[in-house]
1. Expressed in nm to one decimal, what extension gain is obtained for the pair Asp251 and Glu231 from 0.36 nm per residue of sequence separation less their Cα-Cα distance?
2. Considering only DSSP beta bridges whose two residues both sit in the chain, what percent are antiparallel, to the nearest 5?
3. Given the Cα atoms of region 257-364, and with Rh set as the inverse mean 1/r over their pairs in the Kirkwood sense, what is Rg to Rh to two decimals?
4. Where the centroid of each part is defined by its Cα atoms, how far is region 69-119 from region 234-262 in Å?
5. Which distance in nm do the two modelled labels at Glu132 and Lys2 give, with both placed 7 Å along the Cα-to-Cβ direction?
6. Take the solvent-accessible surface of the protein heavy atoms, probe 1.4 Å, and return the percent of it on region 255-341 that carbon and sulfur atoms account for.
7. Need the C-alpha centroid separation for region 142-210 versus region 305-328, integer Å.
8. Given a 1.4 angstrom probe, I'd like the percentage of the accessible area of region 1-73 that is carbon and sulfur, rounded to a whole number.
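The values are calculated or read from the model by the stated rules, or taken from the named source; none is laboratory data. Given the structure is predicted, the values throughout are model-derived calculations rather than measurements. Here Cβ is always computed from backbone atoms with ideal geometry, including for glycine, and neighbour counts include all displayed protein chains. Surface areas here come from the heavy atoms of the whole protein model, side chains and all, with no ligands, DNA or RNA. Shrake-Rupley method; radii C 1.70, N 1.55, O 1.52, S 1.80 Å.
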Amino acid sequence: MKDDLKYMRRAISLAKRGAGWVNPNPMVGAVLVKDGHVAGEGFHEFFGGNHAEVNALHGVPTELSEGSTLYVTLEPCAHEGKTPPCVKLLAAKKIARVVVGMADPNPLVNGQGIALLQSAGIRVEVGLLEPEVRQLNEVFIKYIVTKQPFVLLKSAMTLDGKIATVTNASRWITGESSRKMVHLMRQNLSAVMIGVNTVIFDDPLLNIRMKGIWKNPLKVIADTHCRISPEARVLINDPQLTIIATTELADQQKIKQIERMGAQVLICPLKKNKVDLGFVMHSLGCIGIDSIMIEGGSTLAFSALHERIVDKVICFIAPKILGGATAPTAVGGTGIEKMEDAISLKNLRMRKVGEDVMVTGWIE
């Protein structure tokens, strides 16, 4: 059992290397072990590429794989997709035992891969380190079951809860280490979303500015009246990766101007005189966007929480105090009147990131 845990942890570690590159597929890692020695390992590297099992077995002769154990974080697929079913390869390679982190929630698989392996005479064990595997693929699990994006609400605030000064200055509340982590989060998720006020006051790029090769996220701007300036950097620098979510209240000429720049415009229903965020999430899910990080501002944050579209919250708290009754807080909007109606978080986790504190929680 000790060795099983070791090899599954290695498979999880390998799976994480696919973060941001495999969406909307799951992150999967695999380790092939024969007589106590690793004979091969691999992970799902990019969307449409070989599955982890195929990469782990690549170049491994059948005489070496015969009688071996394969540790894989997610149930091997049994259906023909962009790649052939993995269960056929495992049977052909005469693998004796497969240890699976969790069954695949994809309705096209969901136990069929396990059943086919067992029918081929392969011993299958399911559920090793399942909580860790579930957290690893929380985005995939929600998206494959509901076809709705996994929504992360991220905020950066001072110790007294402010996200900007009384003059709306916000650079920089948190330290460099926290800002680097946010860039990694942008890489790992498919889209980022902000409200138009954040565009007006901060004019952010919403891209990834680190060394190396990265995949910039889709940028979604919630803008009920289409107030965004054509000079906004998200439109000037990356219009093809920008969606303006607006409503029938927007000026039609402004919409045409934005579309001519190369950005997309999504006309949404009104909900309490604002963009219907549930409609936005449904629309994004329909085009294969499996995850989105809401980065600001405070009005959008409250709307997202109030409409119950948020799955997870990450808050970076800087050791600074700004004060000011009119300085914006992390969550604004109309607020909640009764304490019993407060939005609760579960499974809270805290860690230091540079000089800041990062708090993570999941919505009840």
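1. 5.5 nm
2. On the way: 26 of 63 bridges.
If we restrict to bridges inside the chain, about 40 percent are antiparallel.
3. Radius of gyration over Kirkwood radius for region 257-364 works out to 1.01.
4. One Cα centre to the other: 44 Å.
5. Using points 7 Å along Cα→Cβ, the separation is 1.6 nm.
6. Working: 2440 of 4440 Å².
Carbon and sulfur atoms account for 55 percent of the accessible area of region 255-341.
7. 11 Å
8. Numbers: 1710 of 3310 Å².
Heavy-atom surface of region 1-73 belonging to carbon and sulfur, 1.4 Å probe: 51 percent.
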